[in-house]
Amino acid sequence: PIDGGSPRRLNEARGTDEVLGWSADGRRVLFQTTLDGEDMLFFAPTDGGPTRQVRLPEERLDGFPPVLSQDGHHLLYAAAGPDREAVSLKALDLEDGGTREITASFFLPDEMPFELSGRGTAWGRDGEDFLYIERHGDRFELRAAPPSGPSRLLRTFRGKLPDFIAVHEDRIAFEWGPMDQRSVMFARAEDDEARSLLTLRGYLESVTWSPDGRRLAVTAYEMPPGERSPEAPQLLVMEIDPSGAVIGEPMALETPDMVWWSPQWLPNGRGLLVSGDDGNIWRISLEPGARPVAITSDLPDPVWWFLIAPDGRSIAYTRNILKGSSIWRVDLGDALAGVER
């Protein structure tokens with residue numbers, strides 16, 4: 001629970017798990033787990049009970065986590081070709097099992113980090129639209145597509161793709177610039193040019209829109225003059241008017257006194273959650289002077305990734321649980337004698 005309390009375990013696994021999405025009613029969590037060396041997808045009910053496996057009709061591409069639609073009825077996945085490269089991006093109907101191809105020109109950057117998020121930090125999705133990149137030569141197209149229906153072009157990037165892109169309907173924010181001076185840029189889908197909202201000496205990460213589109217949050221590492229390493233990260237929030245102009249000065253929020261990452265907006269837009277390297281997830285308020293609050297405790301390892309429920313009352317996250325180990329005695333007699341078994 002985001003307001004505090006004991007966590008409830010959803011599954012029993014001996015492999016690596018990854019949270020992928022929440023159902024629209026907040027009663028199920030979609031996750032990926034490893035069983036017998038194979039990646040599988042399951043829905044787990046949040047109030048306990050058996051999980052339900054989601055079967056894809058074909059092998060999917062490693063490195064692209066499936067994206068659950070806002071209504072929870074469709075799943076976006078990348079199909080893997082014979083050489084394990086993506087050949088198409090498809091949407092699976094979880095009710096009837098049917099699939100449709102969204103694009104045969106899907107592009108997945110092989111350099112990390114790369115983040116493509118919609119309103120409220122929804123990875124790979126903005127509202128009901130799936131977000132994705134197509135590559136055509138030196139041209140990268142940012143596109144949006146509903147689970148059923150044609151896609152539309154949001155913006156074209158030539159020569160280089162930004163590392164962080166955030167979408168809210170027809171408004172696009174992204175980081176841009178040389179390595180020693182980065183900017184947060186803004187453009188509408190129909191604009192040829194983009195305007196700078198914020199520029200600093202250093203680098204930027206995790207540009208994200210608030211759910212209502214009134215604010216942008218960005219993780220900023222500013223490089224002081226004469227220094228070669230950046231200062232501790234700041235979580236900056238900018239208020240954006242309907243035309244895309246910044247209202248007032250960016251606000252630096254109070255953050256934990258440690259390394260933190262993965263800022264995600266609360267659905268009510270009144271704050272964000274971040275992961276800290278102390279193992280906790282922290283709630284960051286937009287109220288001036290408000291101190292961060294840890295909503296988890298006593299975790300042995302950092303929470304690298306989490307997802308907030310649609311109603312903003314709960315989170316789902318992966319936790320490392322040690323299962324112990326075993327020691328085996330192996331008879332080397334046959335092996336030393338050259339006998340194959």
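The values are calculated or read from the model by the stated rules, or taken from the named source; none is laboratory data. These numbers were taken from a predicted model, which means no experiment stands behind them. Neighbour counts are summed over all protein chains in view; Cβ atoms, including those assigned to glycine, are modelled from backbone coordinates with ideal geometry. These accessible areas exclude ligands, DNA and RNA; they are computed on the full protein's heavy atoms, side chains included. Shrake-Rupley method; radii C 1.70, N 1.55, O 1.52, S 1.80 Å.
For the reader, a short list of remarks on this structure follows.
- Accessible surface ranking that places the most exposed of HIS74, HIS136 first, with a 1.4 angstrom probe: HIS136, HIS74
- Residues in the chain average 53 Å² of solvent-accessible surface per residue, probe 1.4 Å, ligands and nucleic acids excluded.
- Taking label positions 7 Å along the Cα-Cβ direction at both TRP304 and THR156, the computed distance is 3.7 nm, reported to one decimal.
- Springs join every pair of Cα atoms under 10 Å in this Gaussian network model of the chain, and among GLY271, GLY279, GLY98 the largest mean-square fluctuation is at GLY98.
- Taken along the Cα-to-beta-carbon direction at a fixed 7 Å, the label points for SER297 and HIS136 span 5.6 nm.
- Highest-fluctuation residue, PHE306, PHE174, PHE140 considered, GNM on the chain with Cα pairs under 10 Å: PHE140
- Per principal axis, descending, Cα span of segment 193-269 in whole Å: 38, 30, 20
- Candidates ASP301, ASP39, ASP110, ranked by Gaussian network fluctuation over the chain, Cα under 10 Å, top entry: ASP110
- Element breakdown for the chain at a 1.4 angstrom probe: carbon and sulfur atoms account for 47% of the accessible area.
- The simple Förster model, with R0 at 41 Å and r as the Cβ-Cβ distance, assigns ASP170 and ASP36 a FRET efficiency of 0.35.
- Centre separation in Å (Cα based) which lies between segment 244-292 and segment 104-157: 26
- The chain - mean residue ellipticity at 222 nm from DSSP helices (-39,500 (n - 2.57) per run, n ≥ 4, rounded to 500): 0 deg cm²/dmol
- Relative contact order of segment 178-322, pairs being alpha-carbon contacts under 8 Å that are 6 or more residues apart, as %: 13
- Low-density loop cleavage sites - trypsin sites (Lys or Arg not before Pro) in segment 145-207, where at most 15 other Cβ are within 10 Å (DSSP): LYS160, ARG201
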